[in-house]
1. Looking at GLY88, GLY104 in this structure, which one is farther than 19 Å from SER151 by Cβ and not aliphatic (A, V, I, L, M)?
2. How many residues does segment 95-124 contain that are basic (Lys, Arg) and over 10 Å from MET174 (Cα atoms)?
3. Go through segment 85-103 and give me each residue that's more than 16 Å from ALA45 (Cβ to Cβ) and in contact (Cβ under 8 Å) with a residue 24 or more places away in the chain.
4. Restricting to segment 126-145, count the residues that are surrounded by fewer than 22 Cβ atoms within 10 Å (Cβ to Cβ) and over 15 Å from the mean Cα position of the chain (by Cα).
5. Here's a check for you: in segment 41-65, which residue that is among the β-branched types (Val, Ile, Thr) and within 15 Å of the chain's Cα centre (by Cα) is nearest to VAL23 (Cα to Cα)?
6. Do you know which residues across segment 63-97 are more than 26 Å from VAL143 (Cβ to Cβ), touching a helix residue (DSSP H, G or I) at 6+ places or on another chain (Cβ under 7 Å) and open to solvent by 60 Å² or more (accessible area, probe 1.4 Å)?
7. In contact with a Phe, Trp or Tyr (Cβ under 9 Å, 6 or more places away or on another chain), β-branched (Val, Ile, Thr), open to solvent by 20 Å² or more (accessible area, probe 1.4 Å) and farther than 19 Å from TYR158 by Cβ: is that true of THR119 in this structure?
8. Restricting to segment 14-63, what's the tally of residues that are touching a residue at least 40 places away in the same chain (Cβ under 8 Å), among the small types (Gly, Ala, Ser) and out of contact with any Gly (no Cβ under 9 Å at 6 or more places or on another chain)?
Amino acid sequence: MTLLDEPGSLELFAPSRRRSRTVDWQEPGPVARASMTMPGIEAMAAIRDGRLPPPPLARLIGFKMAEVHPGRIVMQLDPEQSLENTVGLLHGAVAAALLDTAMGCAISTELPAGRGAVTMDLKLTYLRPLSVRSGTIQAEGRVVKLGRQSSYTEGFVYDGAGKLAVHATATFSMIGGEGPSQDGAPPQDS
């Protein structure tokens, strides 16, 4: 006999156990067009400072850009129950979304206006579980190698106590106009 066969199992679907969340966001097309007119580090700072709206996924999951540095981005998330899986831990896709965003944005900080990066591959290693009890989670993305055609990044997710929970690496394909980096030097060939 399983828990589902016992009397009272229908309480799992009781209206008192139902939760809801409302998510709103800005249409991404106009934001993308506006951000592509700025050097990447300026666009990232504008998102951090609220002068540009965050991407819809950031609103859906609930993370925000906390730090913007050349070649480095830090995202923060205060985890909530809506992000849990059936065993009461944060779903692995939450860390994947945080890291993919932080690493891609880290590349953006090194790019001139009109250039961007899209994920080619993403590899994550989960080192410890995260939950709503983990405290504020930080995801850090760092550029390892910026290239003309592809770039390589590394990412880290830390729990609220500063313990490493997830490590990632990713390769991004470079898109948009060709041109020198913000310091005037041409990007290194990949």
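1. Details: GLY104 fails: farther than 19 Å from SER151 by Cβ.
Among GLY88, GLY104, only GLY88 is farther than 19 Å from SER151 by Cβ and not aliphatic (A, V, I, L, M).
2. Qualifying residue count for the region: 1.
3. If we filter segment 85-103 for residues that are more than 16 Å from ALA45 (Cβ to Cβ), which is where we start, we get 85-100, 103.
Selection gives GLY88, LEU89, LEU90, GLY92, VAL94, ALA95, ALA96, ALA97, LEU98, LEU99, ASP100, MET103.
4. Final tally of qualifying residues: 11.
5. My answer is ILE61.
6. GLU80, GLN81, HIS91
7. Yes, satisfied.
8. The qualifying residues number 2.
The values are calculated or read from the model by the stated rules, or taken from the named source; none is laboratory data. Being a predicted model, the structure only gives us computed values, none of them experimental. Glycine also receives a Cβ, built like all others from the backbone with ideal geometry; neighbour counts cover every protein chain displayed. Just the protein is used for accessible areas: all its heavy atoms, side chains included, with ligands, DNA and RNA removed. Shrake-Rupley method; radii C 1.70, N 1.55, O 1.52, S 1.80 Å.
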